[in-house]
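Quick notes on the structure that follows.
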Amino acid sequence: MANGSGRPLSPHLQVYKLPLTAILSITHRITGVGLAVGTLLLTWWLVAAAVSPEAFARAQGFIGSGFGLLLMFGWSAALYYHLCNGIRHLVWDAGKSFELSDADRNNRIVLGAAAALTVLTWIVGLAVW
Amino acid sequence: MASNTSDLRSPLARVRGLGSAKDGTEHWWGQRLSAMALVPLTIWFVFGVIRHLGADYTAFHAWMKSPFSAVMMILTAVVTFHHAHSGLQVVIEDYVHVEWQKLALLIAVKFLSFALAAACVLAVAKIFIGA
């Protein structure tokens, strides 16, 4: 132990290197807040479609612009991460997978699945666009 | 009863099951239920968005004129705002410790969530009805 006493250290955030599981945990919150902000674009998109062809073309134009695509990439990655990690949270809520070895394995599954789904979505999306 | 003599709660408190936060597990359960509902809704939404990338007004309206699509879009919007609101509420309660700021944020997020959800529902309904 770093304090030389052999006793466990409190995970003080400024001196404690967060394990991957903890980083993924706070990432779940950060992506959740980011996705909540994304509901503004969802609302604009749906309302524009209800207003007029010009308004909808503006919204679609923004989404298809360079900045819009960058936002969409971020939101798609955040959505898949939050979805995959959310399912993992539901497994925890069911009282399963609390062993450290389970957590380590599920870290990799969540990150791998979120990355794979994001890349797959963009390959399919850019192909059909 | 005799098996649990260390329980300091009164029988009434135990039956109510509301705990120290006074509202029991309702918020927690609502978050989980909306999360479960959002798994299929999100998958539907992502597929729908991909199929309508760069769609024009007419194509988008054709999509939302299908009763199934309109219902799914309304459910996606409503459950998303419910879930986002519950999540933001927890984040605010955890990190904002100045009472008036916490209250102001909680109220703002709640009002905004309802307003945006209402706008989404009306938009889809308007397209579906063709008004």
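The values are calculated or read from the model by the stated rules, or taken from the named source; none is laboratory data. Being a predicted model, the structure only gives us computed values, none of them experimental. Cβ coordinates were reconstructed from backbone atoms using ideal geometry, including for glycine residues, and neighbour counts include every protein chain displayed.
Conditions tested, residue by residue: (1) over 28 Å from residue B:36 (Cα atoms); (2) of a type outside the set (A, V, I, L, M); (3) modelled with pLDDT of 95 or more; (4) within 21 Å of the chain's Cα centre (by Cα).
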residue: A:46; (1), (2), (3), (4): no, no, yes, no
residue: A:52; (1), (2), (3), (4): yes, yes, yes, no
residue: A:78; (1), (2), (3), (4): no, no, yes, yes
residue: A:86; (1), (2), (3), (4): no, yes, yes, yes
residue: A:98; (1), (2), (3), (4): no, yes, no, no
residue: A:104; (1), (2), (3), (4): no, yes, no, yes
residue: A:112; (1), (2), (3), (4): no, yes, yes, yes
residue: A:118; (1), (2), (3), (4): no, yes, yes, yes
residue: A:126; (1), (2), (3), (4): yes, no, no, yes
Answer from A:105, A:58, A:29 - the residue that is in contact with a helix residue (DSSP H, G or I) (Cβ under 7 Å, 6 or more places away or on another chain), more than 9 Å from every other protein chain (Cβ to nearest Cβ) and of a type outside the set (Gly, Ala, Ser): A:58
Could you identify the single residue in B:69, B:86, B:34 that is of a type in the set (Ser, Thr, Tyr) and either without any contact (Cβ under 8 Å) to a residue 24 or more places away in the chain or outside any helix (DSSP H, G or I) (or both)? B:69
Do we have residue A:76 as crowded, with 18+ Cβ neighbours inside 10 Å and of a type in the set (Ser, Thr, Tyr) here? yes
Across segment B:75-91, the tally of residues that are closer than 21 Å to residue B:64 by Cβ and hydroxyl-bearing (Ser, Thr, Tyr) stands at 2
Looking at B:35, B:21, can you tell me which residue is modelled with pLDDT under 95 and either out of contact with any Pro (no Cβ under 6 Å at 6 or more places or on another chain) or within 25 Å of residue A:31 (Cβ to Cβ) (or both)? B:21
Pull up segment B:46-62, narrow it to residues that are farther than 18 Å from residue A:54 by Cα and more than 9 Å from every other protein chain (Cβ to nearest Cβ), then point me to the one that is surrounded by the fewest Cβ atoms within 10 Å (Cβ to Cβ). B:47
